[in-house]
1. With the checklist (1) crowded, with 18+ Cβ neighbours inside 10 Å; (2) in contact with a Ser or Thr (Cβ under 9 Å, 6 or more places away or on another chain); (3) of a type outside the set (D, E, K, R); (4) modelled with pLDDT of 95 or more in hand, flag the one item residue 85 doesn't pass.
2. Determine whether residue 23 is closer than 23 Å to residue 122 by Cα, in contact with a helix residue (DSSP H, G or I) (Cβ under 9 Å, 6 or more places away or on another chain) and aliphatic (A, V, I, L, M).
3. Which of the residues that make up the stretch 25-56 are polar (S, T, N, Q) and buried (at least 18 other Cβ atoms within 10 Å of the Cβ)?
4. Based on what the data block shows, is residue 105 buried (at least 19 other Cβ atoms within 10 Å of the Cβ), within 14 Å of the chain's Cα centre (by Cα) and among the aromatic types (Phe, Trp, Tyr)?
5. Give all pairs with beta carbons closer than 6 Å in which a residue from the stretch 89-109 that is modelled with pLDDT of 95 or more meets a residue that is buried (at least 22 other Cβ atoms within 10 Å of the Cβ) and not in a strand (DSSP E or B); count only pairs at least 6 apart in sequence or on separate chains.
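The values are calculated or read from the model by the stated rules, or taken from the named source; none is laboratory data. For clarity, every value in this text was computed on a predicted model and none was experimentally measured. Virtual Cβ from ideal backbone geometry, glycine too; neighbours counted across all protein chains shown.
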Amino acid sequence: MTLLIDPREELWEDWPGEHRSRLKLLLSAGRTESAEITLGMAALDPGEELPLHSHPQAETCIVLSGNGRFEVEGETTRVEASQIVFILGNARHRIVNDGDKPLTFLFAFAANSFDDVGHVFGDTEEAKAAGHHLPVTSDPKLNNPDATPGTGMLPDIGSNDPNSQPSG
(Lines give C-alpha, C1' and ligand atoms only; values in the text may rest on other atoms or scores of the structure.)
Protein backbone atom coordinates (compact mmCIF):
# COMPACT_ATOMS: atom_id res chain seq x y z
CA MET A 1 0.00 0.00 0.00
CA THR A 2 1.20 3.48 -0.84
CA LEU A 3 -0.22 6.54 0.88
CA LEU A 4 0.36 9.95 -0.70
CA ILE A 5 -0.34 13.05 1.39
CA ASP A 6 0.10 16.62 0.22
CA PRO A 7 0.59 18.85 3.29
CA ARG A 8 -0.57 21.85 1.25
CA GLU A 9 -4.03 20.29 1.08
CA GLU A 10 -4.31 19.70 4.83
CA LEU A 11 -5.89 22.32 7.09
CA TRP A 12 -4.11 23.83 10.06
CA GLU A 13 -5.62 22.93 13.45
CA ASP A 14 -5.09 24.60 16.80
CA TRP A 15 -2.96 22.52 19.15
CA PRO A 16 -5.26 20.77 21.63
CA GLY A 17 -5.62 22.71 24.87
CA GLU A 18 -4.24 26.13 25.70
CA HIS A 19 -0.91 25.73 23.91
CA ARG A 20 -0.49 28.40 21.27
CA SER A 21 0.58 26.77 18.04
CA ARG A 22 -0.93 25.21 14.96
CA LEU A 23 -0.45 21.74 13.55
CA LYS A 24 -1.30 19.47 10.65
CA LEU A 25 -1.40 15.76 11.40
CA LEU A 26 -0.10 14.09 8.25
CA LEU A 27 0.27 10.48 9.43
CA SER A 28 -1.72 9.37 12.45
CA ALA A 29 -3.75 6.17 12.83
CA GLY A 30 -7.43 6.96 12.98
CA ARG A 31 -6.96 9.81 10.49
CA THR A 32 -4.83 8.08 7.89
CA GLU A 33 -4.23 4.47 6.94
CA SER A 34 -0.89 4.36 8.71
CA ALA A 35 0.75 2.71 11.68
CA GLU A 36 3.96 2.75 13.69
CA ILE A 37 4.76 6.39 12.95
CA THR A 38 3.11 9.72 13.60
CA LEU A 39 4.15 12.62 11.41
CA GLY A 40 2.93 16.16 11.51
CA MET A 41 3.77 19.76 10.81
CA ALA A 42 3.69 22.50 13.43
CA ALA A 43 3.87 26.28 13.14
CA LEU A 44 4.64 28.91 15.74
CA ASP A 45 4.10 32.58 14.92
CA PRO A 46 6.70 35.12 16.09
CA GLY A 47 6.63 35.33 19.88
CA GLU A 48 4.76 32.03 20.31
CA GLU A 49 6.10 28.93 22.02
CA LEU A 50 5.21 25.33 22.58
CA PRO A 51 5.64 25.27 26.37
CA LEU A 52 7.68 22.89 28.46
CA HIS A 53 6.50 19.31 27.98
CA SER A 54 7.66 15.73 27.68
CA HIS A 55 6.48 12.43 26.27
CA PRO A 56 7.79 8.86 26.46
CA GLN A 57 8.58 8.68 22.74
CA ALA A 58 11.66 10.19 21.15
CA GLU A 59 10.87 12.99 18.70
CA THR A 60 12.57 14.12 15.52
CA CYS A 61 11.93 17.64 14.22
CA ILE A 62 12.97 19.01 10.83
CA VAL A 63 12.87 22.80 10.62
CA LEU A 64 11.22 23.87 7.36
CA SER A 65 11.20 27.66 7.72
CA GLY A 66 11.93 30.44 10.16
CA ASN A 67 14.26 30.28 13.12
CA GLY A 68 14.01 30.03 16.87
CA ARG A 69 15.24 27.87 19.69
CA PHE A 70 14.70 24.40 21.09
CA GLU A 71 15.29 24.09 24.83
CA VAL A 72 15.89 20.47 25.86
CA GLU A 73 16.63 19.61 29.51
CA GLY A 74 17.79 23.19 30.09
CA GLU A 75 20.15 23.30 27.08
CA THR A 76 19.27 25.83 24.37
CA THR A 77 19.93 25.17 20.68
CA ARG A 78 19.36 27.79 17.98
CA VAL A 79 17.63 26.39 14.89
CA GLU A 80 16.92 27.50 11.35
CA ALA A 81 15.50 26.02 8.16
CA SER A 82 16.87 22.62 7.04
CA GLN A 83 18.22 21.67 10.49
CA ILE A 84 17.14 18.51 12.31
CA VAL A 85 16.63 18.21 16.07
CA PHE A 86 16.43 14.82 17.81
CA ILE A 87 14.91 14.76 21.31
CA LEU A 88 15.16 11.67 23.50
CA GLY A 89 12.00 10.20 24.97
CA ASN A 90 11.03 11.69 28.36
CA ALA A 91 13.26 14.75 27.85
CA ARG A 92 11.60 17.98 29.00
CA HIS A 93 11.63 20.46 26.15
CA ARG A 94 10.00 23.53 24.69
CA ILE A 95 10.15 25.27 21.33
CA VAL A 96 10.23 29.06 21.03
CA ASN A 97 9.87 31.28 17.98
CA ASP A 98 11.93 34.33 18.86
CA GLY A 99 12.33 35.25 15.18
CA ASP A 100 10.30 37.59 13.02
CA LYS A 101 8.75 34.95 10.71
CA PRO A 102 6.71 31.81 11.42
CA LEU A 103 8.77 28.85 12.65
CA THR A 104 7.50 25.75 10.83
CA PHE A 105 8.77 22.22 11.38
CA LEU A 106 7.91 18.59 10.77
CA PHE A 107 7.71 16.33 13.82
CA ALA A 108 7.79 12.55 13.98
CA PHE A 109 7.23 9.98 16.71
CA ALA A 110 7.41 6.18 16.73
CA ALA A 111 3.74 5.89 17.70
CA ASN A 112 0.63 4.71 15.89
CA SER A 113 -1.23 7.96 16.43
CA PHE A 114 -0.80 11.44 17.83
CA ASP A 115 -3.15 10.45 20.66
CA ASP A 116 -0.68 7.70 21.65
CA VAL A 117 2.10 10.26 22.24
CA GLY A 118 1.62 10.85 25.97
CA HIS A 119 2.27 14.62 26.04
CA VAL A 120 2.60 15.99 29.56
CA PHE A 121 2.66 19.79 29.69
CA GLY A 122 3.73 21.68 32.75
CA ASP A 123 6.58 22.44 35.06
CA THR A 124 9.31 20.07 36.04
CA GLU A 125 7.53 18.67 39.09
CA GLU A 126 4.39 17.83 37.12
CA ALA A 127 6.45 16.11 34.44
CA LYS A 128 8.42 14.19 37.09
CA ALA A 129 5.19 13.11 38.78
CA ALA A 130 4.00 11.72 35.45
CA GLY A 131 7.23 9.78 35.16
CA HIS A 132 8.53 11.90 32.29
CA HIS A 133 11.99 12.93 33.33
CA LEU A 134 15.32 12.37 31.73
CA PRO A 135 18.04 12.85 34.32
CA VAL A 136 20.88 15.06 33.20
CA THR A 137 24.12 13.15 33.46
CA SER A 138 27.77 13.95 33.12
CA ASP A 139 28.76 10.29 32.78
CA PRO A 140 31.80 10.47 30.46
CA LYS A 141 30.96 7.06 28.96
CA LEU A 142 27.79 8.55 27.49
CA ASN A 143 29.62 11.47 25.88
CA ASN A 144 32.78 9.69 24.77
CA PRO A 145 33.72 10.50 21.15
CA ASP A 146 35.81 7.30 21.09
CA ALA A 147 32.68 5.15 21.64
CA THR A 148 32.67 3.77 18.13
CA PRO A 149 32.48 0.23 16.79
CA GLY A 150 35.83 -1.50 16.93
CA THR A 151 37.01 0.28 20.08
CA GLY A 152 35.44 -2.28 22.40
CA MET A 153 32.97 0.33 23.69
CA LEU A 154 30.18 -0.60 21.24
CA PRO A 155 29.22 -3.83 19.47
CA ASP A 156 30.93 -4.30 16.12
CA ILE A 157 28.86 -3.27 13.13
CA GLY A 158 27.59 -6.26 11.23
CA SER A 159 27.61 -8.61 14.20
CA ASN A 160 25.06 -11.37 13.69
CA ASP A 161 24.80 -11.93 17.43
CA PRO A 162 21.68 -10.05 18.69
CA ASN A 163 23.14 -10.25 22.20
CA SER A 164 26.47 -8.74 21.19
CA GLN A 165 27.86 -6.64 24.02
CA PRO A 166 30.73 -4.18 24.25
CA SER A 167 33.98 -5.97 24.90
CA GLY A 168 35.52 -3.26 27.08
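1. Evaluating residue 85 over (1) crowded, with 18+ Cβ neighbours inside 10 Å; (2) in contact with a Ser or Thr (Cβ under 9 Å, 6 or more places away or on another chain); (3) of a type outside the set (D, E, K, R); (4) modelled with pLDDT of 95 or more leaves (1) as the failure.
2. Criteria met by residue 23.
3. 28, 34, 38, 54
4. For residue 105, the condition - buried (at least 19 other Cβ atoms within 10 Å of the Cβ), within 14 Å of the chain's Cα centre (by Cα) and among the aromatic types (Phe, Trp, Tyr) - is met.
5. Hits for this filter: 103/97.
Table: residues versus (1) at pLDDT 95 or above; (2) within 24 Å of residue 101 (Cα to Cα); (3) out of contact with any strand residue (DSSP E or B) (no Cβ under 8 Å at 6 or more places or on another chain).
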residue	(1), (2), (3)
33	no, no, yes
38	no, no, no
49	no, yes, no
53	no, yes, no
56	no, no, yes
59	no, yes, no
64	yes, yes, no
67	yes, yes, no
74	no, no, yes
